[in-house]
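Enquirer: The structure's right below; bear with me while I get my questions together.
Each value in this text was obtained by applying a stated rule to the coordinates, not by laboratory testing. This one's a predicted model, so the numbers in the text were calculated from it and none came from an experiment. Virtual Cβ from ideal backbone geometry, glycine too; neighbours counted across all protein chains shown.
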Amino acid sequence: MERSRNWLIGTPMVSENASHLTEHLPSGLAAVEEAVARACREARRDRASVTLIAVSKTFDAEAIVPVIAAGRRVFGENRVQEAKAKWPELMSTYSDISLHLIGPLQSNKTREAVALFDAIHSVDRPSLCEALAREFRSQARRPQLFVQLNTGEEPQKAGIAPTEADSFIASCREKYGLEISGLMCIPPVNDAPAPYFALTAKIAARNGLTNLSMGMSADFAVAIQMGATHVRVGSAIFGHRG
Ligand SMILES: *Cc1c(COP(=O)(O)O)cnc(C)c1O
């Protein structure tokens, strides 16, 4: 009895969720930053080895500015037109923003995408490689490129099948002269993500790729454990998308 009372009293009353109560902070950001730092510690990884991409799709400048003010500089958008409508003005105010395209890229939007984005996570077909190579010749910009894998081989999802990944990466490099920085994946929603993250990491390693864009609001901690270098977190930072 005495023992268990002492044990209870001795337990520090630290609430992991205390930051949810901090009303003035952008909803969720502090909790996400804390969880990213914790996942890095648990995986014995340097916090600087993981880039937190704040996915601001569907949110307007009013929602984004507090997140910039809180120190975030890397943002993700999934549509070129939407990003074009809201980011140039924000970027003229905050000069050190890095903008990542995480959604599908139509070849006819490649010019605008190369002009606006610092990274493209959705390289998924030869025709896009060709369009990117063309833009790289005409624009003095080289966004960081990620090949998107369809790790679950889901018919409705974009991305290269795992079995095609090695030859696709080779053709990006040899045929199109593109420097590929890493791989991106979105595991099937209803499965445990770890095996898909592991598969992505394995394909990256054997192709000499060091960057892994994997992990979203629901699973970024697991992704960090499995080696993610870029986590794409939207709703956990900004709240639910309307
Ligand atoms: C929307 C989106 C995210 C962020 O999703 P959340 O569950 O809101 O964190 C990450 N990656 C891609 C490709 C997305 O389209």
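Enquirer: Pairing the Cα long axis of helix 80-93 with the longest principal axis of the chain, what angle in degrees results, from 0 to 90 and rounded to the nearest 10?
Expert: That helix lies at roughly 70 degrees to the long axis.
Enquirer: In a GNM of the chain with a 10 Å cut-off on Cα contacts, which of Phe136, Phe117, Phe75 has the highest mean-square fluctuation?
Expert: So, out of Phe136, Phe117, Phe75, the one fluctuating most is Phe136.
Enquirer: How long is the gain from Ala37 to Val65 if the chain were fully straight, where each residue apart is worth 0.36 nm and the alpha carbon distance is subtracted? The partial results should precede the final answer.
Expert: On the way: separation 28, 0.36 × 28 = 10.08 nm, distance 2.27 nm.
Going from the current span to full extension adds 7.8 nm.
Enquirer: What are the residues whose amide H is under 5 Å from the amide H of Ile97, where those residues sit 5 or more places off or on another chain and H is modelled from the backbone?
Expert: Excluding prolines and chain starts, which carry no amide H, there are no hits.
Enquirer: Over the chain, what is the mean sequence separation of C-alpha contacts under 8 Å (at least six apart), divided by residue count, expressed as relative contact order in percent?
Expert: On the way: 404 pairs, mean separation 48.7, N = 242.
Relative CO of the chain lands at 20 percent.
Enquirer: Can you compute 3J(HN,Hα) from phi for each residue in the stretch 166-175, using the Karplus curve 6.51 cos²θ - 1.76 cosθ + 1.60 with θ = phi - 60°, rounded to whole Hz and x for Gly and Pro?
Expert: Coupling constants for the stretch 166-175: 4, 6, 5, 4, 4, 6, 4, 6, 7, 7 Hz.
Enquirer: Among the trypsin sites (Lys or Arg not before Pro) within the stretch 30-68, which fall in a DSSP loop and have no more than 10 other Cβ atoms within 10 Å of their own Cβ?
Expert: On the way: sites: Arg38, Arg41, Arg44, Arg45, Arg47, Lys57; in loops: Arg44, Arg45, Lys57.
The qualifying sites are Arg44.
Enquirer: Going Cα to Cα from Lys109, which lysines come in below 16 Å? Please leave out same-chain ones fewer than 8 positions away.
Expert: Lys84
Enquirer: Continuing with this model, one more query. Go ahead and set up a Gaussian network model of the chain, Cα springs under 10 Å, then flag whichever of Thr151, Thr110, Thr163 fluctuates most.
Expert: It is Thr163.
Enquirer: Nearest 500 deg cm²/dmol is fine: what mean residue ellipticity at 222 nm does the chain get from its DSSP H runs of n ≥ 4 alone, each adding -39,500 (n - 2.57), divided by its residue count?
Expert: After summing the helix terms and dividing by the residues of the chain, the value is -12000 deg cm²/dmol.
Enquirer: Given charges of +1 on the Cβ of Lys and Arg and -1 on the Cβ of Asp and Glu, with all other atoms neutral, how large is the dipole of the stretch 24-178 about its Cα centre, in debye to the nearest 20? If you can, show how the numbers build up before the last one.
Expert: Numbers: 21 positive and 20 negative charges, 65 e Å.
Dipole magnitude for the stretch 24-178 comes out near 320 debye.
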